[in-house]
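The values are calculated or read from the model by the stated rules, or taken from the named source; none is laboratory data. Everything numeric here is computed off the predicted structure, so don't read it as measured data. Backbone-built Cβ (ideal geometry, glycine too); neighbour counts: all protein chains shown. Ligands, DNA and RNA are stripped out before the accessible areas are found, and what is left, the full protein with its side chains, is counted by its heavy atoms. Shrake-Rupley method; radii C 1.70, N 1.55, O 1.52, S 1.80 Å.
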Amino acid sequence: MGCYGIGVSRVLQAAAECSSSSRGLRWPVSIAPYLATLVPLSSNMEHATSVFATLSNICVNNVRVFADNVIVDDRSYLSPGFKLNDAQLLGIPITVVLGQKFKQSGHVEVQLRVPRLELGTCVAGVDVTGDGYEYKAFVHVDRLAEFLVCALEGQF
């Protein structure tokens with residue numbers, strides 16, 4: 001049997017080469033090391049577990065796709081900007097930020113950086129802004145699952 005040198009490491013290198021830019025990596029959902037990162041700002045650390053549970057229980061076709069694929073950036077010694085920059089450089093497709101709007105009204109900021117993802121200005125009744133590389137939306141935590149399932153339809 002012959003070997004043509006196409007293995008897992010070459011596939012990952014090719015995916016990184018095709019989906020990287022000066023703003024960082026954008027791993028495809030199917031091979032991303034984690035699907036989502038949760039970035040609570042220092043004043044919202046106590047609410048991170050409930051949002052983590054919401055993310056972990058999102059089902060697509062009766063499969064909990066985020067079950068083991070969510071990380072919480074609980075490094076309290078770093079600034080919020082540093083945490084968000086880390087998530088972008090690592091290429092994690094979905095970043096959920098618990099900021100001031102969460103404290104005031106229960107809205108989280110969702111940042112989507114998924115290759116070949118094209119969203120309109122409204123997804124599941126939520127206004128979305130973006131430039132084709134990254135999309136952002138403020139979603140109430142109760143509608144987070146519905147928003148992510150609609151936005152990422154066909155990615156899983």
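Miscellaneous remarks
- Gly91 being open to solvent by less than 60 Å² (accessible area, probe 1.4 Å) and within 22 Å of Ser20 (Cβ to Cβ): yes
- Residues satisfying the stated conditions in region 94-113, i.e. polar (S, T, N, Q) and either surrounded by 15 or more Cβ atoms within 10 Å (Cβ to Cβ) or modelled with pLDDT of 90 or more (or both): Thr95, Ser105, Gln111
- Count of residues meeting criterion [open to solvent by 10 Å² or more (accessible area, probe 1.4 Å) and in contact (Cβ under 8 Å) with a residue 40 or more places away in the chain] in region 135-156: 5
- Ile6 satisfies every condition listed in (1) open to solvent by less than 70 Å² (accessible area, probe 1.4 Å); (2) assigned to a loop (DSSP other than H, G, I, E, B) except (1).
- Within region 117-134, tally of residues that are free of Cβ contacts under 8 Å to residues at least 12 places away in the same chain and not hydrophobic (A, V, I, L, M, F, W, C): 5
- Counting only residues that are surrounded by 11 or more Cβ atoms within 10 Å (Cβ to Cβ), outside any strand (DSSP E or B) and not basic (Lys, Arg), region 64-82 holds 10 of them.
- Taken over region 40-63, residues that are part of a loop (DSSP other than H, G, I, E, B) and surrounded by 13 or more Cβ atoms within 10 Å (Cβ to Cβ) amount to 2.
- Region 15-39 - residue that is in a strand (DSSP E or B) and surrounded by fewer than 20 Cβ atoms within 10 Å (Cβ to Cβ) and, of those, modelled with the lowest pLDDT: Ser21
- Here Gly125, Gly106 are screened, and the one residue that is at positive phi and in contact with a His (Cβ under 7 Å, 6 or more places away or on another chain) is Gly106.
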